[in-house]
Amino acid sequence: MSLEPFSPPTGEWYHPDEELVKNTHVPDYDALYQEAMTDIEAFWAKQAEALEWYEPWERVLDSSEAPFYKWFIGAKTNIVHNALDRHTKTWRRNKLALIWEGEQGDRRSMSYWRLWQETNRFANVLKSMGINKGDRVTIYMGRIPEIMIAMLACAKIGAVHSVVYGGFSEQALADRIEDAQSRVLVTADGAWLRGGIVPLKETADEAVRRSPVVESVIVVKRTGQDIHMEPGRDYWYHDLINLPIASTKCETEVMDAEDPLFILYTSGTTGKPKGVLHTHGGYQLYTSTTLKWVFDMKDDDRWWCAADPGWITGHSYIVYGPLILGATSFMYEGAPTHPYPNRWWRMIEDYGITILYTAPTAIRGLMRFGDAWANRHDLSSLRLLGSVGEPINPEAWRWYHTVIGKERCPIMDTWWQTETGGFIIAPMPSVPLKPGSATRPFPGLDVDVVDEAGNACAPGEDGYLVIKNPWPSMLRTIFGDPDRYVEQYWHRYEAQGWYLAGDSARKDEDGYIWVIGRIDDVIKVSGYRLGTAEIESGLVSHPAVAEAAVIGIPDEVKGNHIEAYCILVADAEASDSLVEKLKDHVRHEVGPIAVPTRISFVDSLPKTRSGKIMRRVLKARALGLPEGDLSTLED
Ligand code: WTA
C-alpha cells in the first residue's frame, strides 16, 4: 500500500450492469439532474410529496436572510411521524425496522410496531422528567437499539437530541453537555468492545461533575458491571419504562418544518466543537431521498450502515433515512474483528445483508487479514456497497470490489459532511464509476472546485470545494453561535453566496469530482473527525505540558494518525513514562480515538508572528517535505 493513497489514477471506468440499471429508482442520472436544476424548488416540492405533512408549506425556500436559509416555510411536521407513526398504519407495522446483534452474540429485532411503542414509552418518560419542546437531551451510548429509541423519543416530543459518540471521554462529553445545556443525560452502564467493557457510566459521572447542569441521568443496563448510581439523580432505563406513566401511547408534537431536530458536535478550525444544528422538515426529505436513490433502497433490502449512531452517518443513514423509507436496517454493537476477523462477513451471510455502507478505514483494517476470512462466507446476498468518510484509495477499492462484492456490486462513494446532513457528491447505481471519485453532485446541487478568487479551476487543478446553492438538509446554524456559522462557511465566498466545505478537490474532464482532503485543522482518524484544538487542549490540561501542537500523518489503515509536539513546563522532565502518562491523559479527557501515536518533546513550535502555530510546517518537517512559504514564520 502506498503512503500517497489519495491521488488515484483517473480514467479507470467501471460501467454498471445493464440489468441492474434497468431496475433502479433512477436509471438516468443526467435526465434527473437536468430536471432538478431547471427548477430546484419545484424539484424538492415534488419529492416532498413522498412524505406526510400535518400542514403544507406556503413556500419551498426562503433566502431573504441568507445564509440563514429556511425550507418549507409554514409547513407543520415531525420527522418521527414519517419515520414511525405513519408506518404503524400500514402493512409495515409488521416489517422489521431493526435487526441487531451484540458483540457477545446476543440478538434482538424490532418491528416498526415495536420500535414505535418503545419510542412512545421512552418519550413519556422524558416528558415526565420535565423535558419539553426545544429542551436539549444529551445521549451517550454504544451501538444498541436504545440509542435509536432515545433519539426518536426526543424528536417525538420536540426535544433536541445531542448525541455524543461513545468513544469520547470526560472533558469532551462535559464540554458538549455544557454547550447544549442539557438537563437530562441518557447513557448506559457500559458498551461491549473487543471483548471488554467501555465504562460509559463512569465517564458520564465525571462529565456530569464537571458540567453540573445535568439534573437526571438515565442508565441503560447493558454490560452489567457494578456502577455508582447517584440517588435522586440516576435512574435505570428499565425501571422507568416499566412505570405506569411510560404508556405506549404518546402524541407526536406538531413541529414547524424549521424547528430544531438535533445538535451534533463536530470539529472545525480552532476553538471548541461546533454544535451543528439540523431541523425537522428539510432534513427528513433530504436524508430519505438521497438514501432511496443513491443506494436504490427497495422494500426487500437489508441495509447495513456500519457507522456509529453518534456521528452524522448514523443519524442520517442508520436512524432517520432508513426509517422514513420503511427499510430494514441491521446494527452491530462491537468491533469488526471480534472474536475473529470474519465477524462482519459472517453477519452478512447470517442476515442476508444486501447493501453494506462503511468507511475506507474499516475496509483497510479488514483487508489486512487477507481474503480467506471473507471467502469462508457466502456474500452473494450483497448487491451494492458504499463508502464514506474519506477518499477511498485504489487498493481498498479493488479489494472491496473484488473480494467482498465479487465484482458484481457497484461501490457508491458518498462525499458529505455533518453540516450537509446527507450525500452531496455521490453516484447512483446507474452512474459509471471511477474508483476514488465520489463522481457527481446529487440532483439539485451545484458543486464546484474554485480558486481563492472564486474562478472555476481547470480540469485536474486543485481548488476549494464549494456548494453554490442551498439544499434542504443544510445546517441552519451553529448552536448558540450564528456568527461562527457565517464566518466558517459563508465568509470566504460572501460575494457569491457559496458554501465553503473545507475540503480541497479537483474536477476531471468528465466533471467527476475527486476530493483530496481537509484544508483546515480537522484530522480524519479512522474516518472520525477530530479537531486539533480539542486534542491540544487535552494535552495542555496535563500539568507537565505548557504548549502542544498536533498534526495528522498519513496512515495505511486509519487514513491519518495523530502526532503531537509538546513544550513542557520548566520543572517537568521528558521521559518515556511521561509519554505514556500523556497518552493516558488524552484517552481520559478527549477519548481513545484522539490519542496520539507519537508524542515528541520540543523546545519551540513554529508560529506566525501573531502566535498561531503553523501545523503545516510541522507536518512538512515530519514528512520530510519542503516547508513551503515561511515568510510569516516568527523565528
Ligand atoms: C471527508 C462524514 C472523501 C471530507 C459524512 C469531509 C470524504 C469530511 C468523503 C466530513 C468521501 C467524507 N471522500 N472525503 N466520500 N466523505 N469525507 O462531518 O473531508 O464526519 O469534509 O461527515 O469527511 O466529515 P464528517
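Per-structure values
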| item | result |
| --- | --- |
| At most 15 other Cβ within 10 Å, DSSP loop - GluC sites (Glu not before Pro), the range 25-119 | Glu49, Glu52, Glu58, Glu65 |
| Quarter of Cα convex hull surface for the range 88-209, i.e. mean projection, nm² | 7.9 nm² |
| Inter-probe distance in nm under a simple model that places probes 7 Å from Cα toward Cβ, at Ala66 and Lys46 | 2.3 nm |
| Gyration tensor (Cα) of the range 161-206, equivalent ellipsoid semi-axes in angstrom | 20, 10, 9 |
| Whole-Å distance, taken between Cα centres, linking the range 286-311 and the range 401-422 | 11 Å |
| Reachable lysines, given that their alpha-carbon falls under 24 Å from the alpha-carbon of Lys298 and they are not under 8 places away in the same chain | Lys22, Lys46, Lys89, Lys95, Lys406 |
| Along each principal axis, Cα extent of the range 1-118, largest first, Å | 53, 51, 35 |
| Antiparallel DSSP beta bridges within the chain, as percent of all bridges there, nearest 5 | 60 percent |
| Principal axis dimensions, the range 431-526 - Cα atoms, whole angstrom, descending | 42, 34, 25 |
| Trypsin sites (Lys or Arg not before Pro) lying in DSSP loop within the range 147-198, provided at most 15 other Cβ fall within 10 Å | Arg194 |
| Debye-sum result for the range 41-91 in log10 I(q)/I(0), which assumes one identical scatterer on each alpha carbon, at q = 0.15, 0.21, 0.24, 0.26 Å⁻¹ | -0.48, -0.80, -0.95, -1.03 |
| Inter-probe distance in nm under a simple model that places probes 7 Å from Cα toward Cβ, at Asp17 and Ile73 | 4.8 nm |
| Extended-chain gain in nm, criterion 0.36 nm per residue less alpha-carbon gap, Asp350 and Asn242 | 35.6 nm |
| GluC sites (Glu not before Pro) within the range 530-581, DSSP loop, no more than 12 other Cβ atoms inside 10 Å | Glu573 |
| Inter-part distance where the range 241-285 and the range 570-635 are each reduced to a Cα centre, Å | 37 Å |
| Rounded percent of accessible protein surface that carbon and sulfur make up, the range 175-288, 1.4 Å probe | 51 percent |
| Residue-level accessible surface for Asp378, protein heavy atoms, 1.4 Å, Å² | 80 Å² |
| The range 556-615 - Kirkwood radius from inverse mean 1/r over Cα pairs (Å) | 13.0 Å |
| Where the Cα pairs of the range 181-224 fall when distances are cut into 5 Å bins, in % | 6, 24, 29, 20, 12, 7, 2 |
| Accessible surface of Leu240 - all protein chains present, 1.4 Å probe, nearest 10 Å² | 20 Å² |
| Between the range 436-472 and the range 108-186, the Cα center-to-center distance that results, in Å | 36 Å |
| Solvent-accessible surface (1.4 angstrom probe) belonging to Glu230, in square angstrom, nearest 10 | 70 Å² |
| Two-decimal Rg/Rh across the range 133-177, once Rg and the Kirkwood Rh are taken from alpha-carbon atoms | 0.99 |
| Kirkwood hydrodynamic radius over Cα pairs of the range 278-365, then Stokes diffusion coefficient at 37 °C and 0.692 mPa s, in µm²/s | 241 µm²/s |
| Cα-based Rg and Dmax for the chain, where Dmax is the largest Cα-Cα distance (Å) | 23.7, 71 |
| Protein-only accessible surface order, largest first, of His25, His315 at 1.4 Å | His25, His315 |
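The values are calculated or read from the model by the stated rules, or taken from the named source; none is laboratory data. Bear in mind that the values here come from a model prediction, so they are computed numbers and not experimental data. A quick note on method: Cβ atoms are made from the backbone with ideal geometry, for glycine too, and the neighbour counts reach across all protein chains shown. SASA here: full protein model, heavy atoms, side chains in, ligands and nucleic acids out. Shrake-Rupley method; radii C 1.70, N 1.55, O 1.52, S 1.80 Å.
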